[in-house]
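Q: Okay, here's the structure, questions in a sec.
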Amino acid sequence: MSESELMNAADGSLLDISLEEELCTSERFSCGICEASYARKAYLKRHLKTHEDGCIKCSVCTQFLKNEEDKRKHIEDKHRPIMCESCGKVFSSRNYMEFHKKTHEVESFEL
């Protein structure tokens, strides 16, 4: 696959390579639409979504969504502050809180 094919793959369909191949090269992956370039093809693939019509980027993370309603639901589900029921600590996402919750499981197991 030629470099021009990779740069012109706005939908990312031609960017599927293994992580091993990607990490073995010092090559930069350039956007064919603007002047952005990235060390990893996955980063270029994510960037290419910014050029799609109607694509909206989450203001908190790197996720892209189809419309404002999807963005609102995404932020509410993934980024709203959530409190640990065991100790009251507040976390910026459900994932962080779920990870933290495991510390309480370890504490109760040790007692």
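Throughout, read-outs are computed from the coordinates displayed, never taken from laboratory work. This is a predicted model, so every value here is computed, not measured.
Q: Please list, in chain and number order, the residues 5+ apart from SER30 or on another chain whose amide H is under 5 Å from its amide H, with Hs placed from the backbone.
A: TYR38
Q: Under a 5 Å amide H to amide H cut-off, with H placed in plane at 1.01 Å, what residues pair with LYS57 once short-range neighbours are removed?
A: LEU65
Q: Another one. Could you name the lysines whose alpha carbon sits less than 28 Å from that of LYS101, not counting residues in the same chain fewer than 8 places away?
A: LYS71, LYS73, LYS78, LYS89
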